Amino acid sequence: MTNLVPESSPQTAVSRQSIWRNDAFRKFWLGRTISMFGSQISTLALPLLASLTIGATTGQMAGLWGIQFLPHFLIGLFAGAWIDRLPRRPVLIAADLGRAALLLILPIAGIAGMLRMEVLYAVAILVNVLSVFADAADNAYLPAIVPTAQLIDANVKLSTSVSVARVAGSGLAGLLIDLLWASGAIAVDALSFVVSAAALTLIRTREPAPDVPAERRSIWADIGEGLRTFYGNRILRTFLAMTMTYDLFWNTLFAVYFVYVTRELGLPATAIGIIFAVGSGGALLGALLTDRITRRVGIGPAIIGTQVVLGAAVPLIALPLWLPALALPILVTAEFILGFMYCISYISRASVIQTIVPNRLRARVSASGTFVSLGIVLVGALLGGVLGEYVGVPAAIVIGAFGGFPSFLWVLFSPVRTMRTLPPPSDES
């Protein structure tokens, strides 16, 4: 059943108010945007540091991609259960400061002549351990400072500003890497985490108190409740199945992507920065149009339609294998389409999830979905590494490019197909 909100309802009145009047959201938005600006630089700098400076093998490159998700898989469920017992803002601040300190190890190691793959692996793992807690807290914190009626608008604003940061960050990343080397560019990301922590510190809105049971339960009981809530909801199961199918093959491709573009196609760091900047530009446009598109066609059809196009657009990445002279324009086009469609899909799905999951379970439900989906990411990264080592990078690219197309079938044959607006909010506080 869809949720039809009367024009005169209090929810509609709240939704028409500007989200920028919310002081807590403004500060949250500022911190997330600046942090994502820096993180976009590291997204390019880390693999280029491994490929161009350290000279990593194809297997090591795939390992670097996959190892970043290992902490989410190993401790994500525990992090979600733990965070649901705590205020989320202090967790976010501590995670930002910790990641800043860890990232600074890389430029220091570079100056000292001690930069090796082992150091890169260690920093990547520890940064992502903190990201496990930050991601779970982040997903749970936004609905605590933004009314339900404004969640789509808030997610749109966040995605828009993050996309702007990614456009600038991707374009600037290649230049920074050329000027400061990759390790120097990573220092900029460390600074962005410090600024993000400062912005979060300034938020004064009081969070709802964590729902602590009268009898303190074990963390395993809390994890079990989160898993049961997740897998007991058909919409959440459908979203998970869709993303698992798509992500398995996407990560098979992306595990060898930087080897593909730097060694197979011979593109320089500046060209790679342009590719990702244009992709972020597509995401920016998608964020700007998400509200209009979901209102026009409905939130369910928007999710289905974008997933169809995503599955059809990924094969463009393999096309330069046969048209190497057109590699840059083809990859730019592919990234633009992927950025545009994925942003619409992500905002729509995130808003649905934030609405139907009660506050006391949000971190655990988020962690439950992440636990399974990132297991698939690890399998995809491993598959990409094995294929790249034993049958070649081109074969890994082709298999990853075409394998994820059927992912839209999961949402096509589900209640999502008839969903026109956000479902009614959970009646739990």
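Table for the structure above
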{"item": "Share of alpha-carbon pairs per 10 Å distance bin for region 262-339, given as whole %", "result": "18, 43, 25, 12, 1"}
{"item": "Cα Rg, Dmax, region 324-412, angstrom units", "result": "17.0, 54"}
{"item": "Debye equation applied to the C-alpha atoms of the chain, log10 I(q)/I(0) at 0.11 Å⁻¹", "result": "-0.84"}
{"item": "Amide H partners (placed H, <5 Å) of Thr421, local residues excluded", "result": "Asn3, Ile299"}
{"item": "Structure-based [θ]222 nm, the chain - -39500 (n - 2.57) summed over DSSP H runs of at least 4, per residue, nearest 500", "result": "-25000 deg cm²/dmol"}
{"item": "Burial ordering of Glu207, Glu335, Glu118, fewest other beta-carbon atoms within 10 Å first", "result": "Glu118, Glu207, Glu335"}
{"item": "Filtered trypsin sites (Lys or Arg not before Pro), region 48-139: DSSP coil and at most 15 other beta carbons within 10 Å", "result": "Arg116"}
{"item": "The chain: DSSP helices with Cα axial extent of at least 30 Å and average Kyte-Doolittle hydropathy no lower than 1.0", "result": "117-145, 151-201, 269-297, 327-356, 362-390"}
{"item": "Selection from Thr370, Gly384, Phe413, by position along the positive dipole direction of the chain (Cβ)", "result": "Phe413"}
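Values quoted throughout were computed directly from the atomic coordinates according to the rules given, and no laboratory measurement underlies them. Remember, it's a predicted structure, so these values are computed and weren't measured experimentally. Note that each Cβ is placed from the backbone with ideal geometry, even for glycine, and that neighbours are counted across all protein chains shown.
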